[in-house]
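Quick notes on the structure that follows.
The values are calculated or read from the model by the stated rules, or taken from the named source; none is laboratory data. Values in this document were obtained by computation on a predicted structure and should not be read as measured data. No Cβ is skipped: glycine too gets one built from the backbone with ideal geometry, and neighbour counts run over all protein chains shown. Remember, those area values only see protein heavy atoms, side chains included, never the ligands or the DNA or RNA. Shrake-Rupley method; radii C 1.70, N 1.55, O 1.52, S 1.80 Å.
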Amino acid sequence: MDIRLLNGNEAEAAIPALCALLADSIEDNASMGFMAPYDAGAVEAFWRQVAAGVAAGAVILAVAEEEGELVGTVQAGLAQKPNQPHRGDVMKLIVLRAFRGRGISRLLMEALEAECRKRNRWLLVLDTATGSAAEAIYPRLGWNRVGVVPDYALYPEGGYCDTTFFYKRLSDPSP
């Protein structure tokens with residue numbers, strides 16, 4: 001398994017594979033911000049925006065590849081507000097269903113956290129669907145559960161989804 005960070009050009013080139021990852025997740029009814037049926041144009045536009053963010057230095061994008069196939073991804077949006085230079089928002093941890101249960105999520109998160117540390121982003125936050133398999137991953141990786149907001153989003157196939165929020169300190173703040 002190869003875990004690596006993509007630059008802007010690599011992110012742009014990976015858009016078709018990233019779209020396939022997100023499509024697999026949507027087909028699994030994961031709450032990823034998109035509704036079923038899968039809107040290929042909207043998903044491609046989303047990944048183009050991510051690639052532009054990577055190129056601008058506002059997004060960190062990590063991917064997992066096995067034998068040249070993109071099988072997982074995660075990203076961190078780097079807070080751009082002047083009063084939040086220490087924070088990152090973790091988004092879209094996705095592993096193809098056929099590759100789940102092999103520790104890929106852990107590897108992706110470790111790579112993302114290491115890069116956040118390098119960029120002095122020591123406080124990370126994320127949200128995930130309450131009761132999902134993804135929710136169970138984060139406490140095992142050292143994330144702290146903050147709480148649940150009921151009816152926060154919709155599942156791709158419809159129906160309201162509660163959302164659990166987590167945070168993780170990668171280091172103590174500097175004085």
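Sort out which residues of region 156-171 are open to solvent by 30 Å² or more (accessible area, probe 1.4 Å), closer than 22 Å to residue 36 by Cα and modelled with pLDDT of 95 or more, and write them in order of number.
Matches in region 156-171: 160, 162.
I need the full set of residues from region 118-133 which are free of Cβ contacts under 8 Å to residues at least 40 places away in the same chain, closer than 22 Å to residue 163 by Cβ and part of a loop (DSSP other than H, G, I, E, B), in order please.
Across region 118-133, the qualifying residues are 130, 131.
Identify, please: which residue in region 68-84 is in contact (Cβ under 8 Å) with a residue 24 or more places away in the chain and out of contact with any Lys or Arg (no Cβ under 8 Å at 6 or more places or on another chain) and is, among those, farthest from residue 164 (Cα to Cα)?
Looking at the filtered set, the residue picked out is 69.
Could you list, in sequence order, all residues of region 134-166 that are aromatic (Phe, Trp, Tyr) and part of a loop (DSSP other than H, G, I, E, B)?
Matches in region 134-166: 143, 155.
Specify which of the listed residues (136, 153) is among the aliphatic types (A, V, I, L, M) and free of Cβ contacts under 8 Å to residues at least 12 places away in the same chain.
136 is the lone residue from the list that is among the aliphatic types (A, V, I, L, M) and free of Cβ contacts under 8 Å to residues at least 12 places away in the same chain.
Could you say which residue among 153, 114, 134 is within 30 Å of residue 39 (Cα to Cα), of a type in the set (Gly, Ala, Ser) and either touching an Asp or Glu at 6+ places or on another chain (Cβ under 9 Å) or at pLDDT 95 or above (or both)?
153
With respect to residue 133, is the statement that it is of a type outside the set (Phe, Trp, Tyr), touching a Phe, Trp or Tyr at 6+ places or on another chain (Cβ under 8 Å) and under 26 Å from residue 24 (Cα atoms) true?
No.
Scan region 27-41 and tell me whether some residue there is under 26 Å from residue 118 (Cβ atoms) and modelled with pLDDT of 95 or more.
Looking for residues that are under 26 Å from residue 118 (Cβ atoms) and modelled with pLDDT of 95 or more, one finds none in region 27-41, hence no.
Just need a number here: residues in region 106-117 that are open to solvent by less than 50 Å² (accessible area, probe 1.4 Å) and either in contact with a strand residue (DSSP E or B) (Cβ under 6 Å, 6 or more places away or on another chain) or not in a helix (DSSP H, G or I) (or both).
Residues flagged as open to solvent by less than 50 Å² (accessible area, probe 1.4 Å) and either in contact with a strand residue (DSSP E or B) (Cβ under 6 Å, 6 or more places away or on another chain) or not in a helix (DSSP H, G or I) (or both) within region 106-117 amount to 5.
Looking at region 98-116, I want the residues that are under 18 Å from residue 140 (Cβ atoms) and have a partner that is open to solvent by 40 Å² or more (accessible area, probe 1.4 Å) and in a helix (DSSP H, G or I) with Cβ atoms under 9 Å, at least 6 apart or on another chain. Which pairs are those?
Every condition considered, the pairs that remain are 100/133; 106/140.
Could you look through region 120-155, keep only residues that are among the hydrophobic types (A, V, I, L, M, F, W, C) and open to solvent by 70 Å² or more (accessible area, probe 1.4 Å), and pick out the one that is nearest to the chain's Cα centre (by Cα)?
Filtering region 120-155 for residues that are among the hydrophobic types (A, V, I, L, M, F, W, C) and open to solvent by 70 Å² or more (accessible area, probe 1.4 Å), the one nearest to the chain's Cα centre (by Cα) comes out as 133.
Of the residues 17, 55, only one is in contact with a helix residue (DSSP H, G or I) (Cβ under 7 Å, 6 or more places away or on another chain), open to solvent by 20 Å² or more (accessible area, probe 1.4 Å) and touching a residue at least 24 places away in the same chain (Cβ under 8 Å); which?
55
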